[in-house]
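Nothing in this text is a laboratory measurement; each read-out follows from the coordinates by a stated rule. Here the structure is a predicted model, which is why all the values come from computation and not from measurement. Glycine also receives a Cβ, built like all others from the backbone with ideal geometry; neighbour counts cover every protein chain displayed.
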Amino acid sequence: MDEPVEFTDIYVDEAMVDRATEVLRSGRYVKGPMVERFETAFAEFCGTDYAVGVASGTDAIYLSLKAAGVEAGDDVFVPAHTFFATVSPVLELGANPVFVDHDPVIYTMDALDLGERVRAADDPAAVVPVHIYGHPADMGAIREVADAHDLAVIEDACQAHGATFEGDRAGSLGDAGAFSFYPSKNMTVAGDGGMLTTDDPDLAREARLLRNHGRNEDGEHVRLGLNHRLGELHAALGLEQLDHIDDWNEKRRAAAARYTDRLGHVDAVTTPQSRSEAEHVYHLYVIQVPDRADLRDSLDAASVQTGIHYPDPAHEHPAVERRLDEPPNVPRTETLTDRILSLPMHPRITETEIDRVCAAIERHYDR
Ligand SMILES: Cc1ncc(COP(=O)(O)O)c(C=O)c1O
């Protein structure tokens, strides 16, 4: 039996261990210097004026929407093809998620469909484009719709650390950006963590209040807020990972190029595409096939791990579905969810491993 080709992997080096030890020994575990240093470094990385460390990507989306003024009853436009956490913060705020179909080739939000749904909406307030799989959404066209209708643009950049659109980094392309450092992401904090990025000083100030019980510098609770803080240990590990992210993204792109080169001629396989103005960071390498379950079995038999991101459209999850008056009309999303398959992807995947995955796919379709 071959060694498994792992879907993803975990990176730990001595510098991370040293940083973690330093924080452990300092006794300062929250509201300390590491979070501030990580925020400064992450804002610089994204090219934004501010970054606010929070406890998760979900919190970053929630606080961005709240700090941007989204309220109960507002319409918030979200892609139907995304992870549940793009939508749950909208519902937590009592706002209405309005589901938008995706571009058929790139899988990010379709700006034309967005425009139509915004024009038909009663209380359009915000849009949450998702840079799904690490490919930036069509931000030029989305911004045009948003500007015409005065929508706040909250980027869900949870899968897109370092991705660019027309040369600008994810997180700097809207009114605010939300990042996740969940362990499988392109960079992590070795646990849960998130970051909110923005150029807007008022939004940054509001988010800082809201992440810490709505409490101001004088100790007064001036807003209703919960605890959404990032811990010092996580921030210290994030700082270390940030040193590597550009190199890791480059390695992911090289791995993706090799997959595409090998799989491009397999008729049954549709390989992922990229817009010319965008730089993909391949959080996931997702192909489309007509017989996903069979191919998955063949890959499993060849010890190749795969994933499905995501098996169901966001609006079909019971917690969302029961809150909708009627199911959204998003035919492309319905078809896509049956066809997608994520192949092993991480910065340390070897050419030999990629070739093994591709050979197993070729064998499957040569039968
Ligand atoms: C697209 C997307 N949005 C939001 C999230 C939520 O991030 P977190 O798990 O850090 O709360 C994730 C990651 O899990 C994600 O992939």
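A simple spin-label model places pseudo-atoms 7 Å from Cα toward Cβ; at ASP297 and GLU351 they are separated by 3.5 nm. For the pair THR40 and ALA148, a Förster radius of 41 Å applied to the C-beta separation gives a FRET efficiency near 0.75, rounded to the nearest 0.05. Take the Cα of GLU92, step 7 Å along the line toward its Cβ, and report every residue of region 137-154 whose backbone nitrogen sits under 17 Å from that point. Counting only backbone N, you get 154. Relative intensity of region 208-290 on a log10 scale, I(q)/I(0) at q = 0.13, 0.15, 0.18, 0.21 Å⁻¹, equals -0.68, -0.74, -0.84, -0.96, per a Debye sum over C-alpha point scatterers of equal strength in the absence of solvent.
What whole-number distance in Å separates the alpha-carbon centres of region 40-54 and region 165-225? If you average the Cα positions of each part, the centres end up 9 Å apart.
Between LEU263, LEU63, GLN305, whose Cα lies farthest towards the positive end of the dipole of the chain when Lys and Arg beta carbons carry +1 and Asp and Glu beta carbons carry -1, centred on the Cα centre? In the chain, that residue is GLN305.
Judged by the mean number of other Cβ atoms found within 10 Å, the most tightly packed of the peptides 325-332, 174-181, 118-125, 87-94 leads the ranking 174-181, 87-94, 118-125, 325-332. Expressed to the nearest 5 percent, the antiparallel share of DSSP beta bridges inside region 109-225 is 55 percent.
For the chain, the normalised intensity computed at q = 0.09, 0.10, 0.13 Å⁻¹ comes to -0.51, -0.62, -1.03 (log10 of I(q)/I(0), Debye sum over alpha carbons, equal scatterers, no solvent). Here ALA254 and VAL222 are evaluated by their C-beta separation; at R0 = 56 Å the FRET efficiency comes out at 0.70.
Remark: region 330-335, residue by residue, has Karplus-estimated 3J(HN,Hα) of 10, x, 5, 5, 4, 6 Hz, where x stands for each Gly or Pro and the curve is 6.51 cos²θ - 1.76 cosθ + 1.60 at θ = phi - 60°. Straight-line cross-link reach from LYS31 at under 25 Å between alpha-carbon atoms covers these lysines, not counting any fewer than eight positions away in the same chain: LYS66, LYS185. Over region 280-367, the Kirkwood radius and the radius of gyration, each from Cα atoms, give a ratio Rg/Rh of 1.07.
Would you please give the FRET efficiency between ARG332 and ALA359, computed as 1/(1 + (r/R0)^6) with r the Cβ-Cβ distance and R0 = 41 Å, to the nearest 0.05?
My answer for the efficiency is 0.85.
When both bridge partners sit in the chain, DSSP labels roughly 60% of those beta bridges antiparallel.
Annotation: the residues HIS280, HIS81, HIS309, sorted from fewest to most other C-beta atoms within 10 Å of their own C-beta, follow the order HIS309, HIS280, HIS81.
Sort 99-110, 13-24 by the packing proxy (mean of other Cβ within 10 Å over each peptide's residues), most packed first.
99-110, 13-24
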